[in-house]
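The values are calculated or read from the model by the stated rules, or taken from the named source; none is laboratory data. Source: prediction; values computed, not measured. Cβ atoms come from the backbone with ideal geometry, glycine included; neighbour counts cover every protein chain shown.
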Amino acid sequence: MHRKKLLYPLLFFIGTLIYLELLVHLYLYKAIDSKIIYPIIFTIPIGCLFTFVSGILDEFGNRLIMWAITSITCLVFSVQLVYYNIFKVYFSFQSLGMANDALTEFTDDVNHAIKTNLFPILLIMIPLVVLYYLIKYVFICEKRDIKEDIYLFVGVLFFHLIALLILPFHGKNDYSPYDLYYNSKVPELSGQQLGILTLTRFDLSGLYEDDELVLADTNSVISPKPTIIPDTTVTKPNNPHKQVAPTSSIPNEQASPTPNTPLPTATPSPTPIPIDTSPNIMNIDFKELAENEDDNIISTIHNYFAAETPTNKNEYTGMFKGYNLIMITAEGFSPYAVHKEVTPTLYKLTNEGFIFTNFYTALWQTSTSDGEYVAMTGLIPVGTRSMYHSRNNLMPFALGNQFNLLGLNSRAYHNHTYTYYERDRTYPNLGYSYKGLGNGLVLDSKVWPASDLEMIEHTVDEFTGEEPFHVYYLTVSGHMNYTFVGNSMSYKNKDLVKDLPYSSDARAYIACQIELDRALEELINRLTEAGVVDNTVIALSADHYPYGWEKERLDELAGHVVDPNFEVYRNHFILWNPGIETPIIIDKPASSLDILPTLSNLFGLTYDSRLLMGRDIFSDAEPLVILNNRSFITDKVMFNSATGEVIKLTDEKLPKNYVKNINNIIKNKFTISKSIVKYDYYRYVFPNYPESFN
């Protein structure tokens, strides 16, 4: 009798949890290594806890509890499997506020995802069938006596302690199981190395939202900090738009970058003009702010920025001062959308102006919203809905707010429901007068996804007559699903890709990107007709790579097996003005995090480079590309956080503690980015905004 009341339920719960952890791990990662011991060992105390809870009532009540626990557990694993399979990140239950948007706006996508993963979902539900059989034929669910409950409670504590004691077996290095449990708390790596149960526990208990502000030690330096010299003898061309020489020929669509090539140098004009290479900072004394601050957390942040090395001004500082800026976040854009014959405007823009051959677009937790957030704020999104959580914060460096200080009326447009991701609240906070579907933007056709071309046709005339102007566009034509049935833009442009030597899905992806290409063509034509194209800069970046399909399609379009750790994030950053007659090649590693400081420098805006997490690409600062799972790329190495592998990109000897120091720098950037939003930090720095920017 005791075995039926205690041992059988205990074995069922532990067995179920081990089964689910192994099943989902194998499905997502296709392999198992020695670290699988951690997801397994953490199931034992949870299994004891579930058994304890399911024995505190009478027989009927305990049965209900067992069914509820098993059902919820299977549901959690199903959600994580499907979500990760589609979005390549784990679902955060703290983002349930966005669930209604997803279910109402993308019902077809959700249904398609469930159908695609139906078989593993059915496998996850097997414990429910087993439970039915066990309750009916094997064990009973009577209330247990106090002695048995004590055994279970002690078991929870004992086996949890055992799990903690074995954490150091794989070391305590960065992103080891030990580090992930106690320090770093990286969702993607936690799910892989510690298991879905531990990831969910961290998520639901708010451990990713620590109240303490703990910064990693970065006392060891990467290299000696540069001496800041106010003025140098470097020369600057009189007309930087026309006299900058390339360092190499224009790359073709599949060109591979050379990560260590320095920035191009400008060809001196007959009359050299000294270049200001002073630090790109504002008049902020962070040490004084820290000394006068009573709040320990805010004082810690002040001290962090006091120790930060700013980036320096350079030959491109103010290059586009007084120009118009059109900034575009292109849904699902990637290098595989660029074809000379099929998308000629994209081909033109990616091979003219500034050409960034080593640019990366990370995939963050909240996909498009986080992709926008990185490019628009220069901060790292931490957790979920960073853009939304900053909606009431002071965001002085957002380009909308920056250009408004110059007397402009910054505008934003999106050809989808205007309230999606609460953009009706976040865009105005970034300084934009915003129109989307439902609050002023009216398109000719009502299809999903909507036409980028129609968005351009219906909006360009609103701003071309008010130079200078700044406009932000978020496109949607390139949204998954990438099939001729699931994407109206793919279907619209189907005939234009019928002769391409790719599979149907690959051709559908290119077809929907044709709509973006046509939108850009229309935009440039209308700017030309209005006589403002010469004074306009177009800056386009992706929100993320097209993650919403099998990687085999990316391999097909690339013509080779794409490296899933780094290459999959390689992308274009279009930075174009027709006055740049000779392409300027930049081989320096860069990412979307660098867009805001780079544009701020180019347009001569007032900003402080210490207060942004990215770097002006044109500065002499060492490059740093940060990915969501804390992997990184510099001009010296590529570091894979999941495996600890360090891939050297140079023959030179690395500085002492180089990788460790970069990891600590990145950890601090995540921590500070979160704190800037959580504590509305910029208001502490600029209490008199906007006067402090004058």
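Got a number for residues in segment 142-161 being in a helix (DSSP H, G or I) and touching a Leu at 6+ places or on another chain (Cβ under 7 Å)?
Taking segment 142-161 as the starting set, the residues that turn out to be in a helix (DSSP H, G or I) are 146-161.
Cutting the leftovers down to touching a Leu at 6+ places or on another chain (Cβ under 7 Å) gives us 148, 156.
Of the residues in segment 142-161, 2 are in a helix (DSSP H, G or I) and touching a Leu at 6+ places or on another chain (Cβ under 7 Å).
Filtering segment 538-560 down to residues that are of a type outside the set (S, T, Y) and assigned to a loop (DSSP other than H, G, I, E, B), which residue is farthest from N577 (Cα to Cα)? Break it down into steps so the answer makes sense when it comes.
Of all residues in segment 538-560, those of a type outside the set (S, T, Y) come to 538-540, 542-544, 546, 548-560.
Among the residues that remain, those that are also assigned to a loop (DSSP other than H, G, I, E, B) are: 543-544, 546, 548-550, 559-560.
On the way: D543: 22, H544: 24, P546: 27, G548: 32, W549: 34, E550: 36, G559: 31, H560: 33 Å.
This residue is E550.
Look through G579, G559, G548 and report the one residue that is within 23 Å of Y84 (Cβ to Cβ) and touching a residue at least 40 places away in the same chain (Cβ under 8 Å).
Of the residues listed, the single one that is within 23 Å of Y84 (Cβ to Cβ) and touching a residue at least 40 places away in the same chain (Cβ under 8 Å) is G548.
Please verify whether segment 394-405 includes one or more residues that are in a loop (DSSP other than H, G, I, E, B) and touching a Lys or Arg at 6+ places or on another chain (Cβ under 7 Å). Before the answer, list the steps.
At the first step, the residues of segment 394-405 found to be in a loop (DSSP other than H, G, I, E, B) are 394-398, 405.
Those left that are additionally touching a Lys or Arg at 6+ places or on another chain (Cβ under 7 Å): 394.
Yes; the residues of segment 394-405 include at least one that is in a loop (DSSP other than H, G, I, E, B) and touching a Lys or Arg at 6+ places or on another chain (Cβ under 7 Å).
Could you tell me whether P274 is in contact with a strand residue (DSSP E or B) (Cβ under 6 Å, 6 or more places away or on another chain), farther than 30 Å from S503 by Cβ and either outside the structural domain of G407 (by TED's automatic domain parsing) or modelled with pLDDT of 95 or more (or both)? Spell out the reasoning first.
Details: in contact with a strand residue (DSSP E or B) (Cβ under 6 Å, 6 or more places away or on another chain): yes; farther than 30 Å from S503 by Cβ: yes; either outside the structural domain of G407 (by TED's automatic domain parsing) or modelled with pLDDT of 95 or more (or both): no.
Criteria not met by P274.
Confirm whether L81 is modelled with pLDDT of 90 or more, in a helix (DSSP H, G or I) and surrounded by 16 or more Cβ atoms within 10 Å (Cβ to Cβ). Break it down into steps so the answer makes sense when it comes.
Details: modelled with pLDDT of 90 or more: yes; in a helix (DSSP H, G or I): yes; surrounded by 16 or more Cβ atoms within 10 Å (Cβ to Cβ): yes.
Yes.
Does at least one position in segment 642-649 carry a residue that is assigned by TED's automatic domain parsing to the domain that holds I301, under 26 Å from N314 (Cβ atoms) and of a type outside the set (K, R)?
So in segment 642-649, the residues assigned by TED's automatic domain parsing to the domain that holds I301 come out as 642-649.
Those left that are additionally under 26 Å from N314 (Cβ atoms): 649.
Then drop every residue that is not of a type outside the set (K, R), which leaves 649.
Yes; the residues of segment 642-649 include at least one that is assigned by TED's automatic domain parsing to the domain that holds I301, under 26 Å from N314 (Cβ atoms) and of a type outside the set (K, R).
Take L122 and tell me if it is under 23 Å from E59 (Cα atoms), outside any loop (DSSP other than H, G, I, E, B), in the same structural domain as P9 (by TED's automatic domain parsing) and more than 25 Å from the chain's Cα centre (by Cα).
no
Quick test for you: out of R526, R507, pick the one residue that is among the basic types (K, R), part of a helix (DSSP H, G or I) and without any contact (Cβ under 8 Å) to a residue 40 or more places away in the chain. Quick ask: steps written out before the conclusion?
On the way: R526 fails: without any contact (Cβ under 8 Å) to a residue 40 or more places away in the chain.
Just one listed residue meets the conditions, R507.
For segment 284-375, list the helices (runs of 4 or more DSSP H) that sit wholly inside it and hold at least 2 residues that are assigned by TED's automatic domain parsing to the domain that holds V476, modelled with pLDDT of 95 or more and more than 21 Å from Y684 (Cβ to Cβ); which are they? Explain how you work it out, then say what you get.
Working: elements: 286-291, 296-307, 344-350.
Ranges flagged: 344-350.
Just give me the residues in segment 660-694 being aliphatic (A, V, I, L, M) and either in contact with a helix residue (DSSP H, G or I) (Cβ under 8 Å, 6 or more places away or on another chain) or surrounded by fewer than 19 Cβ atoms within 10 Å (Cβ to Cβ) (or both), in sequence order.
Matches in segment 660-694: I665, I672, I676, V677, V685.
Here's a check for you: in segment 173-225, which residue that is part of a loop (DSSP other than H, G, I, E, B) and among the basic types (K, R) is modelled with the lowest pLDDT?
Residues of segment 173-225 that are part of a loop (DSSP other than H, G, I, E, B), as a first pass: 173-176, 185-186, 194-195, 206-225.
Cutting the leftovers down to among the basic types (K, R) gives us 185, 225.
Details: K185: 86, K225: 39.
Applying the filter and picking the extreme gives K225.
Does V130 satisfy the condition of being surrounded by fewer than 20 Cβ atoms within 10 Å (Cβ to Cβ), modelled with pLDDT of 95 or more and farther than 24 Å from L199 by Cα?
Numbers: surrounded by fewer than 20 Cβ atoms within 10 Å (Cβ to Cβ): yes; modelled with pLDDT of 95 or more: yes; farther than 24 Å from L199 by Cα: yes.
Considered against the rule, which asks whether it is surrounded by fewer than 20 Cβ atoms within 10 Å (Cβ to Cβ), modelled with pLDDT of 95 or more and farther than 24 Å from L199 by Cα, V130 comes out as yes.
Would you check if there is a residue in segment 325-332 being in contact with a Pro (Cβ under 7 Å, 6 or more places away or on another chain) and at negative phi?
Looking only at segment 325-332, we keep the residues that are in contact with a Pro (Cβ under 7 Å, 6 or more places away or on another chain), and these are 332.
Filter again for at negative phi, leaving none.
Looking for residues that are in contact with a Pro (Cβ under 7 Å, 6 or more places away or on another chain) and at negative phi, one finds none in segment 325-332, hence no.
List every residue pair whose Cβ atoms lie under 6 Å apart, where the two residues are 6 or more positions apart in sequence or sit on different chains, the first residue falls within segment 321-338 and is surrounded by fewer than 23 Cβ atoms within 10 Å (Cβ to Cβ), and the second residue, located anywhere, is among the charged types (D, E, K, R).
Hits for this filter: zero, empty list.
Just need a number here: residues in segment 552-610 that are surrounded by fewer than 19 Cβ atoms within 10 Å (Cβ to Cβ) and among the polar types (S, T, N, Q).
Here the count works out to 3.
Only residues that are outside any strand (DSSP E or B), in contact (Cβ under 8 Å) with a residue 60 or more places away in the chain and crowded, with 21+ Cβ neighbours inside 10 Å: list them for segment 410-459, please.
S410, Y420, Y421, P449, S451, D452, L453, M455, I456
For segment 15-61, enumerate the residues that are small (G, A, S), buried (at least 23 other Cβ atoms within 10 Å of the Cβ) and closer than 22 Å to I121 by Cα.
G47
Across segment 135-163, what is the number of residues that are of a type in the set (A, V, I, L, M, F, W, C), surrounded by 15 or more Cβ atoms within 10 Å (Cβ to Cβ) and out of contact with any Pro (no Cβ under 8 Å at 6 or more places or on another chain)? Talk me through it step by step, then tell me what you get.
Taking segment 135-163 as the starting set, the residues that turn out to be of a type in the set (A, V, I, L, M, F, W, C) are 135, 138-141, 146, 150, 152-154, 156-159, 161-163.
Okay, now just the ones that are also surrounded by 15 or more Cβ atoms within 10 Å (Cβ to Cβ), so 135, 139, 141, 152, 156, 159, 163.
Right, trim to out of contact with any Pro (no Cβ under 8 Å at 6 or more places or on another chain) and you get 135, 152.
Total meeting the criteria: 2.
Please go through segment 628-646 and give me each residue that is of a type in the set (V, I, T) and in a strand (DSSP E or B), ordered by number.
Going residue by residue through segment 628-646, those that are of a type in the set (V, I, T) are 633-634, 637, 643, 646.
If the condition is that a residue be of a type in the set (V, I, T) and in a strand (DSSP E or B), then I633, V637, V646 are the ones that fit.
Check whether at least one residue in segment 432-443 is in the same structural domain as D680 (by TED's automatic domain parsing), basic (K, R), in contact with a helix residue (DSSP H, G or I) (Cβ under 9 Å, 6 or more places away or on another chain) and more than 22 Å from D370 (Cβ to Cβ), and report yes or no. Working first, answer last.
Start the filter on segment 432-443 by keeping residues that are in the same structural domain as D680 (by TED's automatic domain parsing), which leaves 432-443.
The next check asks that each one be basic (K, R); those that pass are 435.
Subsequent filtering for residues that are in contact with a helix residue (DSSP H, G or I) (Cβ under 9 Å, 6 or more places away or on another chain) retains 435.
With more than 22 Å from D370 (Cβ to Cβ) added as a condition, the list becomes 435.
Yes: one or more hits.
Could you list, in sequence order, the residues of segment 643-658 that are crowded, with 18+ Cβ neighbours inside 10 Å and either closer than 25 Å to T300 by Cβ or in contact with a Leu (Cβ under 9 Å, 6 or more places away or on another chain) (or both)? Quick ask: steps written out before the conclusion?
From segment 643-658, those crowded, with 18+ Cβ neighbours inside 10 Å are 658; that's our starting set.
Hits for segment 643-658: nothing passes.
Tell me, please, whether a residue that is outside the structural domain of E550 (by TED's automatic domain parsing), more than 14 Å from C141 (Cα to Cα) and either in contact with a Gly (Cβ under 6 Å, 6 or more places away or on another chain) or without any contact (Cβ under 8 Å) to a residue 24 or more places away in the chain (or both) can be found in segment 47-63. So that I can check it myself, show each step before the final result.
Looking only at segment 47-63, we keep the residues that are outside the structural domain of E550 (by TED's automatic domain parsing), and these are 47-63.
Checking which are more than 14 Å from C141 (Cα to Cα) leaves us with 47-49.
Then drop every residue that is not either in contact with a Gly (Cβ under 6 Å, 6 or more places away or on another chain) or without any contact (Cβ under 8 Å) to a residue 24 or more places away in the chain (or both), which leaves 48.
Scanning segment 47-63 turns up at least one residue that is outside the structural domain of E550 (by TED's automatic domain parsing), more than 14 Å from C141 (Cα to Cα) and either in contact with a Gly (Cβ under 6 Å, 6 or more places away or on another chain) or without any contact (Cβ under 8 Å) to a residue 24 or more places away in the chain (or both).
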